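Comments concern the structure below.
The values are calculated or read from the model by the stated rules, or taken from the named source; none is laboratory data. Here the structure is a predicted model, which is why all the values come from computation and not from measurement. Note that we place each Cβ from the backbone using ideal geometry, even for glycine, and neighbour counts take in every protein chain shown.
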Amino acid sequence: MTPPAIRVLVADDQALVRAGFAALLDAQDDIEVVGQAQDGAEALRLATELVPDVVLMDIRMPVLDGLEATRRIAARPALSGVRVVVLTTFELDEYVFEAIRAGAAGFLVKHTEPADLVRAVRVVADGEALLSPGVTRRLLAEFAARAKPAPDAAQLTELTDREREVMTLVAEGLTNAEIGERLFLSPATARTHVSRILFKLGARDRTQLVVLAYESGLVRPGWRD
């Protein structure tokens, strides 16, 4: 049985950019663009009406910016399954980290390769974090190092040693399969550990675990670089 297509909402105030992303994604057999928005307010309205799997959200938009739209989507229980990927022109954009803190699943620069955009939509829709090692992790480390207010590390005390180990690997950007390989676990067991960590910490998704790992001191800025 063919799985349902990944439903995507594209939000960008530039018509050509919006149309280009939509055309690229609609050309994929497993992806369907269900809506397009030209500002953050429209993105919020359409996300509420359509409940897509993924929202590609430009950070800088009129009426309501992408940061606030992301925050409002993340705050609505009915939209808990919606994954927001923020779009930015600059990799080291201070608003990117704030968007991730607000509930975004990751970010993409607008000049990303088409194949990488398609892959990102699939990765996020599958429940993984769009946080591969490299510039994203360095960006998170940079801003987490001066984040305010920093959560109390005591919130991690409910985690078992194994769960803390898994959370560290999530912060490294590893997928469930990669975590399983590193710890000699099945991908399903790794996924179970991640689900328990999310529940214990009240985190929305894997991306939030990365933020918590840095802010709590479980992972230090600059590690492994």
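Is there any pair with a first residue in the range 59-74 that is at positive phi and a second that is not in a helix (DSSP H, G or I) whose Cβ atoms are under 7 Å apart and which are 6 or more apart or on different chains, and what are they?
Partner pairs satisfying both residue conditions: Val63/Asp39.
Starting from residues that are of a type in the set (A, V, I, L, M, F, W, C) and at pLDDT below 90, keep the ones in the range 46-63 and report whichever is surrounded by the fewest Cβ atoms within 10 Å (Cβ to Cβ).
If we take residues in the range 46-63 being of a type in the set (A, V, I, L, M, F, W, C) and at pLDDT below 90, then Val63 is surrounded by the fewest Cβ atoms within 10 Å (Cβ to Cβ).
Check whether at least one residue in the range 25-44 is in contact with a helix residue (DSSP H, G or I) (Cβ under 6 Å, 6 or more places away or on another chain) and at pLDDT below 90, and report yes or no.
There is no residue in the range 25-44 that is in contact with a helix residue (DSSP H, G or I) (Cβ under 6 Å, 6 or more places away or on another chain) and at pLDDT below 90.
Here is a check on your reading of the model: is Phe107 closer than 25 Å to Val210 by Cα, among the hydrophobic types (A, V, I, L, M, F, W, C) and either modelled with pLDDT of 95 or more or crowded, with 22+ Cβ neighbours inside 10 Å (or both)?
In short, yes.
Return the residues of the range 43-60 that are within 16 Å of Asp13 (Cβ to Cβ), assigned to a loop (DSSP other than H, G, I, E, B) and of a type outside the set (A, V, I, L, M); say none if nothing qualifies.
Residue satisfying the conditions is Arg60 alone.
Mind telling me which of the residues Ala120, Ala99, Ala115, Ala105 ends up being closer than 20 Å to Gly173 by Cα, aliphatic (A, V, I, L, M) and touching an Asp or Glu at 6+ places or on another chain (Cβ under 7 Å)?
Sole residue among the options that is closer than 20 Å to Gly173 by Cα, aliphatic (A, V, I, L, M) and touching an Asp or Glu at 6+ places or on another chain (Cβ under 7 Å): Ala105.
Of the conditions (1) of a type outside the set (Phe, Trp, Tyr); (2) modelled with pLDDT of 95 or more; (3) more than 21 Å from Gly103 (Cα to Cα), Ala19 clears all except one; give me its number.
(2)
In the list Leu201, Leu218, Leu212, which residue meets the criterion of being over 12 Å from Glu163 (Cβ atoms), modelled with pLDDT under 90 and among the aliphatic types (A, V, I, L, M)?
Just one listed residue meets the conditions, Leu212.
So, of the residues in the range 22-46 that are in contact with a strand residue (DSSP E or B) (Cβ under 6 Å, 6 or more places away or on another chain) and of a type in the set (A, V, I, L, M), which turns out to be nearest to Ala105 (Cα to Cα)?
In this case the residue turns out to be Ala43.
Suppose we keep only residues that are part of a loop (DSSP other than H, G, I, E, B) and modelled with pLDDT of 75 or more within the range 73-100. Which one would you say is nearest to Leu50 (Cα to Cα)?
Only one residue fits best here, namely Val82.
Quick one: is Leu156 buried (at least 17 other Cβ atoms within 10 Å of the Cβ), modelled with pLDDT of 65 or more and more than 18 Å from the chain's Cα centre (by Cα)?
Judged against the criteria, Leu156 is a match.
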